[in-house]
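Report on the structure given below.
Bear in mind that the values in this text are calculations on the coordinates, not laboratory data. Just so it is clear, the structure is predicted and the values come from calculations on it, not from any experiment. Glycine gets a Cβ as well: all are built from the backbone with ideal geometry, and neighbour counts include every protein chain shown.
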Amino acid sequence: MKRTVITIMIALLSPLVLMAQVIYVVNSQSRTLSRIDIEENTVQNGFAHLGAVPNKVILSDEYLFVVNSGDNAIQKISAQTGSTVANHLVAVGCNPWDAILHDGYLYISGLFSFQVYKMNPETGQVVGSVSVGVAPEAMAVANGKLYVCNAGNYAQNYAGSSVSVIDLDSFSLIQSIPTVANPQFIQLHDGKLHVSCTGNWTDIAGAICVIDTQSDEIVYTIPIGGTPGNIWISSDGIAYVADNSGYSLYSYDAEDYSLLNPASDPLPFAASDLTGDANLIALLNPNWGDNAIVQVLNLDFNNLRNYSTGLMPTDIKLQPGSSSNADPAQIQIPAIAVYPSPLRSGHSLNVKSLDNQRGEFKLFNLRGQMLHSVQLQPAEQISLDIKLNNGIYFYRFQSGTASTTGKLTVIR
């Protein structure tokens, strides 16, 4: 059953968000790192020049760490200037795929060596390694454990697909959890790991395996279909899933695991990777054969800006920057009541402005299409007789430059 509480997100959805957010894109074929400053509306496609076959970027306040698979190395880059500080060798022939920064160490997955390495990012010294499964890729940390996606043996239909569990204190393997074929991406949400399994691209469809980090067992498998890639989960519990081919975008409810937009009915967007925060979502469209496009949208999926980056993108990350001159404390966020919660299909929806601000109430479906719009006067209450099917909807109450957004669940 769907949750019975409407979660309200407070967000400013004007084209210029309050935080000076920065997006980084790894352009593998161009061997460059793009830096997009959303507030300044600028893109530097040569912010940093990368090594051979760059794959992922890891962000910290002072440095960027790029995983260069072809060099078997981690490239340490100044986040301020884009200049290379050091190149740290991981291991000869390991083909590093991803890295994660945790408690002062870099943990790096070796795709060809079937190892995970522990590196001191200051000195570049590899201080330990652990054997995991076949073709380790993305990683996540939870409850003092490192979880590693092992994609499995491509030549044997991804046999050995699993998630390895490493105890970080002893840096030793605890166990491996078998999964659907080809797990490549992993996201932590509310104590659960959402593992995106791409499938074998033919007769094994993609799925999301949900792992409880207390029991280290799969508690649910979501048959999303297609070829799912990376996952981004919004603050209101909607999981958006990129398509590894870059032609689709899927979604599901990350809390009750119900399908919203599976591969058979995807959202009308294309993304090979994605990222986001409380203000925006950024979609990476690989635009195969040409420069990639980063599409920045607000949480109603209204387009804000597009940016052209480089060839063959393999990663996108978002890092909040310092505050702009705008002062959030000076902006009065409009308050609104939307009820009943949840709304039963066929019943009227009540909307009430709770303060002295007038504004416009808009209702959207998951595709970002506006279904209804109405003006509200200060402290006014109205009843909307609109026909809604079962599912998830979003609303926004806009007053001047400030707005309140929330989620509406409709049940039978």
Item checked: Residue-wise HN-Hα coupling along region 47-53, computed from phi with Karplus coefficients 6.51, -1.76, 1.60 (Hz; x: Gly, Pro) -> 4, 9, 9, 9, x, 7, 6
Note to self: Report, in listed order, any pair from K317/K362; K76/K317; K317/K352; K317/K387 with a Cα-Cα distance greater than 27 Å.
What the structure shows: K317/K362; K317/K352; K317/K387
Notebook entry, point to check: If you rank D236, D212 by fewest surrounding Cβ atoms within 10 Å, what's the result?
Noted result: D212, D236
Check: Among Q377, Y339, N389, which residue has its Cα positioned farthest towards the positive end of the charge dipole of region 332-411, with +1 placed on the Cβ of Lys and Arg, -1 on the Cβ of Asp and Glu, and the dipole taken about the Cα centre?
Finding: N389
Item checked: Global geometry of region 247-311, whether rounded, prolate or oblate, following the gyration tensor of its Cα atoms and the 1.5 cut on a/c -> oblate
Margin query: At a threshold of 8 angstrom on Cα-Cα distance, excluding pairs fewer than six apart, so keeping six or more, what relative contact order does the chain reach in percent?
Written below: 13 percent
Note to self: Explain nothing, just the number: dipole magnitude of the chain about its Cα centre with +1 on each Lys and Arg Cβ and -1 on each Asp and Glu Cβ, in debye rounded to the nearest 20.
What the structure shows: 720 debye
